[in-house]
1. Kindly indicate the residue of segment 83-103 that is out of contact with any strand residue (DSSP E or B) (no Cβ under 8 Å at 6 or more places or on another chain) and at pLDDT below 95 and also nearest to residue 9 (Cα to Cα) among those meeting that condition.
2. When only residues in segment 3-30 that are in contact with a helix residue (DSSP H, G or I) (Cβ under 9 Å, 6 or more places away or on another chain) and surrounded by 12 or more Cβ atoms within 10 Å (Cβ to Cβ) count, which is modelled with the lowest pLDDT?
């Protein structure tokens with residue numbers, strides 16, 4: 001997903017945010033460090049940031065003009081459309097990218113429990 005976003009935008013920020021519905025095994029700073037370590041060193045236009053709060057607030061404070069979200073299926077799309085509507089009302093539009101077909105059945109929770117990062 002990050003590589004595809006790189007092809008669309010001059011700069012990409014991978015935002016590691018807190019989701020109260022999930023129980024990550026580590027804090028957002030540790031997760032952000034793991035994401036940084038997993039990205040190729042040559043991806044100089046990609047940064048990783050940890051954040052507590054609304055994604056739209058991060059975007060407005062840091063000049064990010066759009067939110068990129070991945071969707072795996074119709075259920076994801078419905079949930080993401082609700083979030084996109086809220087973020088749009090806060091002044092930040094959302095772009096949806098469909099996941100690669102081979103990853104459509106993989107959730108971030110499942111990937112985390114296997115000890116791998118989602119792509």
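The values are calculated or read from the model by the stated rules, or taken from the named source; none is laboratory data. The shown structure was predicted, so the numbers you read here are calculated from the model rather than taken from an experiment. Quick reminder, even Gly has a Cβ in these numbers, built from the backbone with ideal geometry, and neighbours come from all protein chains shown.
1. Residues of segment 83-103 that are out of contact with any strand residue (DSSP E or B) (no Cβ under 8 Å at 6 or more places or on another chain), as a first pass: 85-86, 89-91, 100-103.
Imposing the further condition that a residue be at pLDDT below 95 reduces the set to 100-103.
On the way: 100: 19, 101: 22, 102: 24, 103: 23 Å.
Filtering first and then ranking leaves 100.
2. Of everything passing the filter in segment 3-30, 24 is modelled with the lowest pLDDT.
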